[in-house]
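Okay, so here's the structure we're looking at.
The values are calculated or read from the model by the stated rules, or taken from the named source; none is laboratory data. Values in this document were obtained by computation on a predicted structure and should not be read as measured data. Note: ideal-geometry Cβ built from the backbone for every residue, glycine included; neighbour counts use all protein chains shown. What goes into the accessible areas is simple: the full protein's heavy atoms, side chains included, and nothing from ligands, DNA or RNA. Shrake-Rupley method; radii C 1.70, N 1.55, O 1.52, S 1.80 Å.
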Amino acid sequence: MVHAELVERAKSLIDDLAKTPRFAGSAEETTARARCRHELEQAGFTCEELPFAYSQWLARWAVPVVSFAIGFIVYAMSRLALAGNTIASPLALLVIWWPARMSAVTPQRNWVLTFPWSRATSANLEARRGSPAVWLVAHLDSKSQTVPMLLRITGTVSLYLAALLVTLGGLAFSIWGSIAEPALLIAQYLAILGALTAGLCFVRNKSPGAVDNASGVAAVLLAAQSPDAPASLGVLITSGEELGLAGAVAWARKAPDELVILNCDTVDEAGTYRCMYQSQPVRVAVVAETAAKRLGLPLKLGRMIPGIMADSMVFANRWRWSAVTLSRGALPTLARIHTRRDNSSTLTGEGAAHASALLSAMAKELS
């Protein structure tokens, strides 16, 4: 159990950071970043703001455009399969593979920094104490969406299921004929559902972003201030995470050759703590499990949830870099984030306080 004072400090930080929406590059985000800087300097860190330029276009429009395109292609392939065209199945299989491949490699590319449309600027906050090999990371910016996260994930899954049904149903139709027709008809409905749900998901600035991600920032700040934290430690408070992981991509271009990233993103009061990764960093996973058991916290290890992006993805699969994301939540969490309802009244600070204890323990063991 964590001390009540730590819970109170977590609650105070979350309340202050989540007073207003914090869109990347906004005056509200700048004010919140100043609070973070003050907290870190009080803990002996040397802080520097690192401005960067990026494109908002991909984050604002890529999901709607790609979702409508995939929905249209899958629907058309289903119609072709019903007409007996054998090209439908391999094309539908390509629709499954291509978005999955792009979502895996995009965070590690510089497209969000170099794309020429909708240019904007923001800044990361980098804080160092000593010569750190371990970095605590959390994104400060927030956003809202016209479609809640849970519904958007449902739409994305519907598109993949539709493509899978066309792939298998098309093959079955070419062999057994009309017996496979129901699967192809279901694929059409799923394609329409997925295209409308994910395709009408537009970025706005109406969420205070308490759980996503004032909670993660509070956990990182408290972990950095903890007497249990290592003497040498780095802290990175990113911007633009909600707009294509822009801040993390910008920082990674000049990052050290060898580092461990402990990212904290979305810490609710309910649910099991999750330590998520893209390619499993064995040592970090072992340390996470050991620290969680010592603190009495339930922790699950697993891959990133499909449809969710986090700053740690930028650092995954790179030589001599290890990266994980610590999170906590349940289905109601996914229904709340990126909406007006993600405000600090729903949080007591207990989740962030426990997360801070876990982060500081992990950082000390890995340093």
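Cross-link reach is defined here as a Cα-Cα straight distance under 28 Å, omitting same-chain residues fewer than 8 places apart; for K206 the lysines meeting it are K11, K19, K143.
Relative protection proxy for 213-221, 273-281, 153-161, from highest mean packing down: 213-221, 153-161, 273-281 (other beta-carbon atoms within 10 angstrom).
Computed from Cα atoms, the angle from the helix 4-17 axis to the main principal axis of the chain rounds to 60 degrees. The local environment of L113, defined by Cβ-Cβ distances under 13 Å, has a net charge of +4 under the rule Lys, Arg +1 and Asp, Glu -1.
Can you bin the stretch 126-214 into rounded, prolate or oblate? Criterion: square roots of the alpha carbon gyration tensor eigenvalues sorted a ≥ b ≥ c, rounded for a/c under 1.5, prolate for a/b above b/c, oblate for the rest. Taking the square roots of the gyration eigenvalues as a ≥ b ≥ c, the stretch 126-214 is oblate. Radius of gyration over Kirkwood radius for the stretch 222-320, both on Cα atoms: the Rg/Rh ratio is 0.94. The angle separating the long axis of helix 181-199 from the principal Cα axis of greatest extent in the chain is about 40 degrees. Taking the average, over residues, of other Cβ atoms within 10 Å as the packing measure, peptides 341-353, 24-36 rank 341-353, 24-36 from highest down. Taking packing as the residue-averaged number of other Cβ atoms within 10 angstrom, the listed peptides 80-89, 297-306 run from highest to lowest as 80-89, 297-306.
Keeping the other protein chains in place, figure out the carbon and sulfur percent of the accessible area of the stretch 222-275, with a 1.4 Å probe. Each step should come with its number before you reach the end.
Working: 660 of 1520 Å².
C and S fraction of accessible area: 44 percent.
Largest first, what is the accessible-area ranking of H139, H3, H38 with a 1.4 Å probe?
Details: H139 0, H3 145, H38 100 Å².
Highest to lowest solvent-accessible surface, that is H3, H38, H139.
Average accessible surface for the chain: 43 Å² per residue, computed with a 1.4 Å probe over protein heavy atoms with every protein chain in place.
You can think of it this way: the chain between K293 and A133 has 55.2 nm of extra reach, that is 0.36 nm per residue less the Cα-Cα gap. Rg of the Cα atoms in the stretch 225-279, relative to 2.2 N^0.38 Å, amounts to 1.36.
What is the magnitude of the charge dipole of the chain about its Cα centre, with +1 placed on the Cβ of each Lys and Arg, -1 on the Cβ of each Asp and Glu, and no other charges, expressed in debye to the nearest 20?
Numbers: 33 positive and 27 negative charges, 123 e Å.
Result for the chain is approximately 600 debye, rounded to the nearest 20.
Semi-axes of the equivalent ellipsoid of the stretch 49-149: what are they in whole Å, largest first, if each equals the square root of 5 times a C-alpha gyration tensor eigenvalue? Kindly include the intermediate steps, with their values, before the conclusion.
Values: eigenvalues 303, 53, 31 Å².
Taking √(5λ) for each eigenvalue gives 39, 16, 12 Å, largest first.
Using the eigenvalues of the Cα gyration tensor, what equivalent ellipsoid semi-axes result for the chain when each is taken as the square root of five times the eigenvalue, whole Å, largest first? Don't jump to the answer; show the numbers that get you there.
Values: eigenvalues 304, 85, 75 Å².
Calculated on Cα positions only, the semi-axes equal 39, 21, 19 Å.
Taking the accessible area of the stretch 92-197, probe 1.4 Å, and keeping the other protein chains in place, the carbon and sulfur fraction comes to 71%. Against the chain, whose longest principal axis is taken from its Cα atoms, helix 282-295 shows a tilt of about 60°. Note: relative contact order over the chain, using C-alpha pairs below 8 Å and six or more positions apart, is 27 percent.
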